[in-house]
1. I need a count of the residues in the range 363-394 that are among the aromatic types (F, W, Y), open to solvent by less than 20 Å² (accessible area, probe 1.4 Å) and either within 23 Å of D466 (Cα to Cα) or assigned to a helix (DSSP H, G or I) (or both).
2. What number of residues within the range 29-71 satisfy the criterion of being farther than 18 Å from R166 by Cα, crowded, with 19+ Cβ neighbours inside 10 Å and not hydrophobic (A, V, I, L, M, F, W, C)?
3. Among the listed residues A413, A419, identify the single one that is open to solvent by 40 Å² or more (accessible area, probe 1.4 Å) and out of contact with any strand residue (DSSP E or B) (no Cβ under 6 Å at 6 or more places or on another chain).
4. Any idea which of (1) part of a helix (DSSP H, G or I); (2) crowded, with 17+ Cβ neighbours inside 10 Å is the one Q184 doesn't satisfy?
5. Kindly indicate the residue of the range 72-107 that is assigned to a helix (DSSP H, G or I) and modelled with pLDDT under 85 and also least open to solvent (accessible area, probe 1.4 Å) among those meeting that condition.
6. Among the residues of the range 395-410, which ones are more than 19 Å from V468 (Cα to Cα) and open to solvent by 10 Å² or more (accessible area, probe 1.4 Å)?
7. Scan the range 303-344 residue by residue and report those that are more than 21 Å from L366 (Cβ to Cβ) and basic (K, R).
8. In the range 319-340, what residues are out of contact with any helix residue (DSSP H, G or I) (no Cβ under 7 Å at 6 or more places or on another chain), closer than 20 Å to R416 by Cβ and part of a helix (DSSP H, G or I)?
Amino acid sequence: MARQGGDGVTISSSREAREVMVALEDMKFSAAHFVAFRGFREPLHGHNYTVAVRIGGGSLQADGYLTDFGDLKQVTRQACKRLNQRTLVPMRSDVMRVEVHDAASTATGSHGRQVVVRCEGGVTLSFPEVDCALLPIVHSTAEELAEHLWWDILVNYKLAELLSSRGVQWMEVSVSERPGQGAQYRNDIEVTRTQASPFAATPQSSDASAGGTVSALRPAPTRRFVPRPCFGQEDMDEGDIPPPPSPHPVLPYGGTRRLHLRQPPVVSPMPQHLEAAQLDPVASPVAVAEAAYRMLLSTLGPDESSRAALERTPYRAAKAFREMTAGLNVENPLTAVGQGIFDVDEAQDLVAIRDLPFHSMCEHHLLPFSGVCHVAYFPQGKVLGLSKFPRLLQVFARRLQLQERLTSQYADAIERILAPRALAVALEATHGCMCHRGVGVASSTRTLVVRGPGRTEPDLRGAVLDGVSFSSGARARL
């Protein structure tokens with residue numbers, strides 16, 4: 001039997017047990033983290049975490065409730081607030097060395113203390129201490145965060161005694177990194193009374209040469225969970241981050257952990273190229289781009305950026321960005337024409353190729369501009385296969401560009417390949433930075449380049465300009 005309580009609380013009951021779950025919109029936190037274990041390190045990235053708490057017991061109290069919902073919600077919100085907008089630093093990692101430096105000892109001379117994380121392979125990350133949550137855990141996975149919050153809520157906020165007095169027997173904390181992907185930790189509340197020293201501080205040793213404190217590198221617990229990278233494919237970067245957290249308890253490795261994913265098996269299948277990228281300690285370009293887009297969306301506010309419909313948007317945008325700049329992957333643009341150059345002795349007269357579409361991206365605003373290109377040239381016994389003109393154009397267009405530079409680069413490449421007597425290249429395009437921002441005018445821009453030794457000869461120049469459709473009046477001014 002189940003009934004719906006107020007304020008997002010679900011109550012279910014049976015003859016044997018009762019459960020209460022609290023999962024509210026404001027029980028969440030945004031944080032940056034990465035998982036590292038022997039031979040692997042994720043790139044730093046962020047998640048909009050959501051938290052849910054479930055408790056269970058046998059008897060209702062005289063007031064008809066299993067517990068006071070207000071206490072449970074208030075404590076969970078406070079626990080989330082301590083992690084919100086911080087970089088989560090696992091102080092018990094066996095592959096990272098964490099140092100806390102005084103400002104006077106930092107090379108930058110910045111104010112306040114700095115947390116320096118030294119990883120395998122010589123990678124070093126540095127953060128202001130006030131922006132970090134120094135957690136006594138091995139990894140910053142959702143599994144360990146769920147366990148950390150379980151002890152935090154019950155012991156740091158002293159909720160265990162209150163729940164026990166009302167007959168609550170167990171509590172479960174769920175932490176989700178995204179809709180449908182998260183972890184749960186559940187244990188008996190009685191463990192908080194019997195577990196020896198659950199709040200031992202993270203061991204630290206002095207390091208005079210470092211100018212601060214250094215976390216001791218300790219072996220991972222025997223029952224260490226070796227995680228798969230949490231961001232299935234290619235994720236993220238840094239998060240923004242305010243007040244410094246108070247010391248958190250050491251997580252006792254008891255109880256049960258359950259990985260909760262949308263689809264069985266435990267880990268969703270992944271494309272082969274992403275599997276390979278996981279083994280690379282250097283983040284892939286798509287991963288970095290996805291991280292940047294996710295952080296960009298976070299500027300819209302937590303409500304907008306955490307919508308389920310936007311969950312895959314950073315990944316899609318990252319792939320699109322890489323596709324729109326794919327021309328940079330061609331080391332030598334002239335190789336785009338392949339074997340498409342032909343010697344034709346009879347080819348001495350005008351050749352015009354018109355209405356070649358192109359799409360590029362403005363380097364000033366990262367907004368697209370699109371249009372058509374016209375090419376006209378007088379060959380000297382050498383011609384280019386017609387399909388090679390658009391291929392070569394795309395190599396120069398698929399990158400951050402200016403229309404003026406694109407026109408010149410394309411013309412220079414054709415001249416180098418064919419050495420024509422005269423050549424004209426004209427581009428006409430509409431720019432997003434003109435249409436969608438600023439002045440908001442949907443005007444078109446035309447650029448023209450004339451090349452070749454005969455470009456100053458009136459007949460040749462006139463013919464190639466006609467080939468790219470410049471009027472006689474415009475031709476006279478050029």
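The values are calculated or read from the model by the stated rules, or taken from the named source; none is laboratory data. In this text, all values refer to a predicted model and were calculated from it rather than measured experimentally. All Cβ positions, even for glycine, are placed from backbone atoms using ideal geometry, and neighbour counts span all protein chains on display. Remember, those area values only see protein heavy atoms, side chains included, never the ligands or the DNA or RNA. Shrake-Rupley method; radii C 1.70, N 1.55, O 1.52, S 1.80 Å.
1. Going through the range 363-394 one residue at a time, the tally reaches 2.
2. Adding up the residues that qualify gives 11.
3. Exactly one of A413, A419 is open to solvent by 40 Å² or more (accessible area, probe 1.4 Å) and out of contact with any strand residue (DSSP E or B) (no Cβ under 6 Å at 6 or more places or on another chain), namely A419.
4. (1)
5. Taking the candidates together, the pick is A103.
6. V395, F396, R398, R399, L400, L402 - these are the residues of the range 395-410 that are more than 19 Å from V468 (Cα to Cα) and open to solvent by 10 Å² or more (accessible area, probe 1.4 Å).
7. Scanning the range 303-344 gives a single hit, R307.
8. L328, T335
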